[in-house]
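Here's the structure we're looking at; comments come further down.
The values are calculated or read from the model by the stated rules, or taken from the named source; none is laboratory data. The shown structure was predicted, so the numbers you read here are calculated from the model rather than taken from an experiment. A quick note on method: Cβ atoms are made from the backbone with ideal geometry, for glycine too, and the neighbour counts reach across all protein chains shown.
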Amino acid sequence: MHLRGAMPLIKVDRNSGEGATAQQDFERHAGERRREERVTLCALGLYRTAAGPLDALLASVQLPPLGAGALAAYVSGLSVPQMARVTARAVAQLVAQDNRMAGRPVLRPCDWRVILYSLSGARTLREAIGRCMECFEAIDWRCGRMDMRASGDVAELSLDAMRPAGKTAAGCLIDLFGLTQIHALLAWLIGRPIEIRHAALNHEECVFQALDLPDISFPILFAGGWSGFAFDAAMLDYPVVRTADELADRPPDSLLFGGSLLTEGGRAADTAEQVRRIALRSLSERQRLPAFAEIAATMGGSGATLRRRLVRQGTSYRQIRESCRRELALDLLSRTTLPIEVVAARLDYCDSDAFRQAFREWTGVPPSSYRQAMRPVA
């Protein structure tokens, strides 16, 4: 497949696998922190240039005023979730200014909620992207235009901000932030990492370099007539495993901030995600869900402590168990021809009737109907 644009500028360092030393882990985390701080500084600096003082922006995300101190020192004292929130708000304000200058309507909070809700009802990643494309059009291109094409084993998702090609650092940051947010949302929907084969920014390399960001963890092509990212086309047929009820608890991770749920080699996951991974691995490999006490012992703590941590994250082991069963059920029904009774046994149900009842509660249809609907059209 022909890659549009210039040659990749930045490559990901993948030397932080299971065999990484403590020093390598320390350096990786320090590098991630530098990247997160630099992205935040860049966004706030561009916002201050475009809109003036930062205190109103900071207050809108429940952060204290900047005061007389240096911005770099202020940002270094923020947590990663705080940096992610304030950066998202600053970029949203820059996007609103972009829209006004282009004579387009400004994105409203309700517009984004409609997009998220429509995505949660999709059956596969392909269908979710299709719905997102339709929603972008339905809200009069307030988010820009989205398009997708697949060729061979590669899918390219194009995100067109509908502004003149890369002239400003603010526009470049908006496009970079936007593609990582869409990538994070799609990975969250299917509950699996989506490796970016390459990203594209329709900006000259010198404009990107003016942002002075540390290394980005994926190859970037410049000034090729499009912005977006490419990934393995096989991911398009993975089932969506998230529901509308989970939208409010969606983590703020992206490849610019955290990224633990989005890449195999990311930093340690939060407690709920660690529990989910242990439970899902046991269910996939051993066809049984571990008892809560087993999970606590595996994580090296008490059941009471683990329960409190899950409550603080707004979830419980029961919810995580059902999420794992749902994810694996959707995968088995869409990708295999195993009898329903075998699927039920693999999901650690006492019988197929219990599985059928649970599946109806998750999706509103019986397992056989879901499987029929997921078969490719001849």
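With a cut-off of at least 2 residues that are within 30 Å of Glu134 (Cα to Cα), name the helices (runs of 4 or more DSSP H) lying wholly within the stretch 37-121.
Result: 80-102, 109-120.
Of everything in the stretch 345-378, what is more than 27 Å from the chain's Cα centre (by Cα) and hydroxyl-bearing (Ser, Thr, Tyr)? Give them in sequence order.
Tyr349, Ser352, Ser368, Ser369 - these are the residues of the stretch 345-378 that are more than 27 Å from the chain's Cα centre (by Cα) and hydroxyl-bearing (Ser, Thr, Tyr).
Could you please give the count of residues in the stretch 315-345 that are at pLDDT below 90, surrounded by fewer than 17 Cβ atoms within 10 Å (Cβ to Cβ) and among the aliphatic types (A, V, I, L, M)?
Count: 0.
Would you say Asp147 is among the acidic types (Asp, Glu) and touching a His at 6+ places or on another chain (Cβ under 9 Å)?
no
Right, Arg85: among the basic types (Lys, Arg), modelled with pLDDT of 80 or more and under 23 Å from the mean Cα position of the chain (by Cα) or not?
Spelling it out, Arg85 is indeed among the basic types (Lys, Arg), modelled with pLDDT of 80 or more and under 23 Å from the mean Cα position of the chain (by Cα).
Kindly indicate whether Asp348 is outside any helix (DSSP H, G or I) and surrounded by 14 or more Cβ atoms within 10 Å (Cβ to Cβ).
Answer is yes for this residue.
Tally time: how many residues in the stretch 131-158 are surrounded by 15 or more Cβ atoms within 10 Å (Cβ to Cβ), on the phi < 0 side of the Ramachandran plot and not hydrophobic (A, V, I, L, M, F, W, C)?
4
Quick one: which residue in Ala169, Ala165, Ala161 is more than 18 Å from the chain's Cα centre (by Cα), more than 20 Å from Asp270 (Cα to Cα), modelled with pLDDT under 90 and surrounded by 19 or more Cβ atoms within 10 Å (Cβ to Cβ)?
Ala161
Could you tell me whether the stretch 118-130 includes any residue that is within 23 Å of Trp226 (Cβ to Cβ) and either outside the structural domain of Thr180 (by TED's automatic domain parsing) or modelled with pLDDT under 85 (or both)?
Checking the stretch 118-130: at least one residue is within 23 Å of Trp226 (Cβ to Cβ) and either outside the structural domain of Thr180 (by TED's automatic domain parsing) or modelled with pLDDT under 85 (or both).
For the structure I just gave you, tell me whether Leu116 is in contact (Cβ under 8 Å) with a residue 40 or more places away in the chain, under 24 Å from Ile190 (Cα atoms) and surrounded by fewer than 19 Cβ atoms within 10 Å (Cβ to Cβ).
yes
Using beta carbons and a limit of 6 Å, which pairs, at least six apart or on different chains, have the first residue in the stretch 209-235 and within 17 Å of Met146 (Cβ to Cβ) and the second one among the polar types (S, T, N, Q)?
Trp226/Ser158; Trp226/Asn202; Ser227/Asn202; Gly228/Ser158
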